[in-house]
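So the structure is just underneath, and the comments pick up after that.
Just so it is clear, none of the values below were taken in a lab; they were calculated from the coordinates. In this text, all values refer to a predicted model and were calculated from it rather than measured experimentally. Quick reminder, even Gly has a Cβ in these numbers, built from the backbone with ideal geometry, and neighbours come from all protein chains shown.
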Amino acid sequence: MVTIAVDAMGGDTAPKTEVEGAIRAARSLGVKVILVGREDLLRKELSQQDGHADLSIEIVHASEQVTMQDSAAKALRNKRDSSIRVASRLVRDGIAQGLVSAGNTGAAMAISKTVQGMIPGVHRPALAQTFPTLKGTPVVLMDVGANVDSSPQMLAQFAVMGDIYARVILHMKQPRVGLLSIGEEEHKGNELTRTATPLLKSLAIHFIGNVEGRDLYSGKVEVIVCDGFIGNVALKVSEGLVEVVKQMLQESLQATITRKIGYVLSRAAFQDFKKRVDYSEYGGALLLGVRGVCVICHGSSNANAIKNAIRVAAEFADHRINERIETELRRWSTALREAVKAAG
């Protein structure tokens, strides 16, 4: 049985949401969940939930909590018994195979990188987020915020990790990989994208060249690579747009539908639309490049998002993705070095 540690004190409504999500995951996914946080609060919350007595749920006490106001450096240095750090230690020590946190993103990344360590050969970890597309298949965007500034070599490694993620987790045979830029032509973009292009061409992946922002939802590619600054902006714009479209669509339906049967049919279509674009169905963003598994969720994640984040973490651990990343990076390291040398 795969074991996932959950930072139960991280989210906006912690620990209620984390406990509910853990119960759903343990019940439907067949995984063991370790809730990490203040034991008194977690036991109180569990006592208010039904149907968990026979589930594989354990509590591990942590006396401190990292808040959204804490800097990553402060959380790393001063809060050594925080729930996210204790959860990360459980992964490092092999007690859990992965962790899920809806807390402070910067702190979760810094602590995971420091406590669990990095996969050999990886320069920097990257956050991978999936998005729905018009073709009905997801696309992986990375990086969505782990690295504000990236080098061409880092983008090449992001492409390798994204390719592995798409093949193993999303079951895509030969994922197409694109480099996010301001135009499809190779000469367009900034110095980073132009320098990264020959590196990406040197890899044994299906790199198709530059893609534009609109291709995030078109289904033209299965993996899109960019630096964390651009990726995070794309992520936040997308989240805001989804909420606006959902609200406008709901208002339009309520204003124009007069017949009951039409209302019922349209409501069914609307619910299907909401599910397709609902972030909670995709869990959280995977931090690729660290040892063990780390899934980082929205601070406002609901119980369904926590459950699906646990599912993603369990799948990632079960498929031993980190070992595959390490193996393939080692296999392509020579090609990367040669490409870097050729690029000057």
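Some values worked out for this structure:
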| read-out | value |
| --- | --- |
| Spin-label pair F229/D81, simplified geometry with 7 Å Cα→Cβ offset, distance in nm | 4.1 nm |
| Around D149: net Lys/Arg minus Asp/Glu count, Cβ-Cβ under 15 Å | -2 |
| The chain: DSSP helices with Cα axial extent of at least 27 Å and average Kyte-Doolittle hydropathy no lower than 0.0 | 228-256 |
| Inter-probe distance in nm under a simple model that places probes 7 Å from Cα toward Cβ, at D318 and M68 | 3.3 nm |
| Antiparallel DSSP beta bridges within the chain, as percent of all bridges there, nearest 5 | 25 percent |
| Added length on full extension, which subtracts the Cα-Cα distance from 0.36 nm per residue, E191 to T13 | 59.9 nm |
| Entry for Cα extents along the principal axes in Å (calculated from the structure that is shown) out of (1) 68, 63, 38; (2) 62, 60, 36; (3) 61, 46, 41 | (2) |
| Summed side-chain charge close to F229 - residues other than F229 whose Cβ falls under 14 Å, Lys, Arg +1, Asp, Glu -1 | -1 |
| Additional length obtainable on full extension of the chain from R43 to V148, 0.36 nm per residue less Cα span | 33.9 nm |
| Choice from G283, G103, G136 showing the highest fluctuation, given a GNM over the chain with Cα pairs closer than 10 Å | G136 |
| Spacing of the two label points (7 Å from each Cα toward its C-beta) at R27 and A204, in nm | 4.6 nm |
| For segment 127-256, the spread of Cα positions along each principal axis, largest first, Å | 54, 31, 27 |
| Gaussian network model of the chain, springs between alpha carbon atoms under 10 Å - residue of K246, K220, K201 with greatest fluctuation | K246 |
| Net charge of neighbours whose Cβ lies under 10 Å from the Cβ of S82, counting Lys and Arg as +1 and Asp and Glu as -1 | -1 |
| Theoretical gain in end-to-end length, K236 to L134 [0.36 nm per residue, Cα-Cα removed] | 34.8 nm |
| Percent RCO, i.e. relative contact order, over the chain, from Cα pairs under 8 Å lying at least 6 residues apart | 23 percent |
| Over 32 Å between alpha carbons, listed pairs K113/K135; K220/K246; K16/K113 | K113/K135 |
